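A.B. asks: Below you'll find the structure I mean.
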Amino acid sequence: MFRKTYDVFIAYHGSYGNGTKEISSRLNDFLLEHGLTTFYFPLFDGDNYIANITKAISSNTFILVCNENINTTSSGKIDSAKHFALLTEIESFYALTKSNDGVEFEDAKVLVCGDYMEKRKKGQEALLHELFANRTHFYLNSEAEKDTFNTVLEWINDRLEKQANKWRRTQMSLEVSMVFVERDEMGSRIELSDHLAKSKSIFAIGISNVAIVELYRQALKHAIVENNAKVELIFLDPNSKYTKAREKDEFGSCNDIIKNLTSASIGRMQHFKEELKELKNKCKIYTYDKLPRLNLIILEDCAIIQYYTDKQSGGKSPCFFIERQKRVSPMYDYCVKIFNDVKSTAKEI
């Protein structure tokens, strides 16, 4: 599956007198001003034509800008002898509609301009290629160019949203890349310290966060010093009623085991902050006063989630390793939302 780098690929025929370069340029500028990512060859820093094929495959939508001077055969199709390069771009995107890459016929349209409709019948542009068949396209009125461009923009945004929704329905199976029966098994399979040391953001929620405080403190220090990483750890308030309830649930009695362990972990992190001196503000410590539901670690490229269950420590619960996806990552976003929800009522120490 190709990574989608561009929201739209802008194709056009001809670069000079009878071509559509100028209109394509204005369309490109308009879409860029409205926050879209575009591929438009005249602005591409390179001269290798093959790159255009790759860029077409790496785009979510496709716009062909044409006028009455586009060369066609007697059947109305694009003349491959006159527009070989253009046809190759179209064929590249067309191939995506035949794959499982998430692209559909509806993601490609033609922007008709010039005197096309005077010299050809309206609708003939759908004959140019199978990619554009049986569909209404855009017709540029030179006196209302901005209105037409706005219509194109609305169409692109609509297609991007539909693609994103489709991805959300399938993306979770890609995100949850590994599941471990318990935390120790995960520790033997994943070099979590490496992930921590490389990350520019490290967020965690737990009860005592012992794993991070005891095992990965050096990785935290490396991330802050070398990557200017932001670190935020949220502990269950040691004096909370929920700490007592959790201890009774886990151990069957209240002997302040969890309270003392959490207090010790917080103390170590406070000492750790002091060691950082001028960088200590990059590390923040919070406590929350709620029923603990999960242990959560969120890094720049992944997240690890464990749910607390009755009569069992968090370390004995299954771990879900979530790899953040580049385009749409709903499980990762879910973890971020949970973290922010807990942080919103937590108290900074």
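The values are calculated or read from the model by the stated rules, or taken from the named source; none is laboratory data. Here the structure is a predicted model, which means the values were calculated and not measured. Reconstructed Cβ throughout: ideal geometry from the backbone, glycine too, with neighbour counts over all protein chains shown. Areas reflect the complete protein model, heavy atoms only, side chains present, ligands, DNA and RNA absent. Shrake-Rupley method; radii C 1.70, N 1.55, O 1.52, S 1.80 Å.
A.B. asks: Pick from S75, S92: which is in a loop (DSSP other than H, G, I, E, B) and surrounded by fewer than 22 Cβ atoms within 10 Å (Cβ to Cβ)?
C.D. replies: After applying the criteria, what remains is S75.
A.B. asks: While we're here: Given E185, E154, which one is charged (D, E, K, R), in contact with a strand residue (DSSP E or B) (Cβ under 8 Å, 6 or more places away or on another chain), surrounded by fewer than 19 Cβ atoms within 10 Å (Cβ to Cβ) and in a helix (DSSP H, G or I)?
C.D. replies: E185
A.B. asks: In segment 239-269, which residue that is assigned to a helix (DSSP H, G or I) and of a type in the set (A, V, I, L, M, F, W, C) is nearest to the chain's Cα centre (by Cα)?
C.D. replies: Restricting to residues being assigned to a helix (DSSP H, G or I) and of a type in the set (A, V, I, L, M, F, W, C), the top hit is M269.
A.B. asks: Please list, ordered by first then second residue, the pairs with beta carbon atoms under 6 Å, 6 or more apart or interchain, first in segment 252-267 and aliphatic (A, V, I, L, M), second surrounded by 12 or more Cβ atoms within 10 Å (Cβ to Cβ) and not in a helix (DSSP H, G or I).
C.D. replies: So the pair list comes out as L261/S208; I266/F235.
A.B. asks: Sticking with this one: Scan segment 106-139 for residues that are open to solvent by 50 Å² or more (accessible area, probe 1.4 Å), in a helix (DSSP H, G or I) and over 14 Å from T61 (Cα atoms) and report the count.
C.D. replies: 6
A.B. asks: Continuing with the same structure: State all residues of segment 188-212 that are in contact with a helix residue (DSSP H, G or I) (Cβ under 9 Å, 6 or more places away or on another chain), assigned to a helix (DSSP H, G or I) and open to solvent by 30 Å² or more (accessible area, probe 1.4 Å); if no residue qualifies, say none.
C.D. replies: S193, D194, H195, K198, V210
A.B. asks: Could you give every pair whose Cβ atoms fall below 8 Å, whose first residue belongs to segment 125-145 and is of a type in the set (D, E, K, R), and whose second residue is open to solvent by 50 Å² or more (accessible area, probe 1.4 Å), counting only separations of at least 6 or pairs across chains?
C.D. replies: R135/F105; R135/E106; E145/R26
A.B. asks: Given (1) closer than 24 Å to F149 by Cβ; (2) in a loop (DSSP other than H, G, I, E, B); (3) not hydroxyl-bearing (S, T, Y), where does V65 come up short, assuming only one miss?
C.D. replies: Looking at each condition in turn, V65 falls short on (2).
A.B. asks: If I ask for residues that are of a type in the set (F, W, Y), open to solvent by 50 Å² or more (accessible area, probe 1.4 Å) and either over 21 Å from E232 (Cβ atoms) or out of contact with any Gly (no Cβ under 9 Å at 6 or more places or on another chain) (or both), which ones from segment 305-349 would you list?
C.D. replies: F320, Y334 - these are the residues of segment 305-349 that are of a type in the set (F, W, Y), open to solvent by 50 Å² or more (accessible area, probe 1.4 Å) and either over 21 Å from E232 (Cβ atoms) or out of contact with any Gly (no Cβ under 9 Å at 6 or more places or on another chain) (or both).
A.B. asks: Go through segment 276-291 residue by residue and tally those that are in contact with a helix residue (DSSP H, G or I) (Cβ under 8 Å, 6 or more places away or on another chain), at pLDDT below 95 and charged (D, E, K, R).
C.D. replies: So the count comes out to 3.
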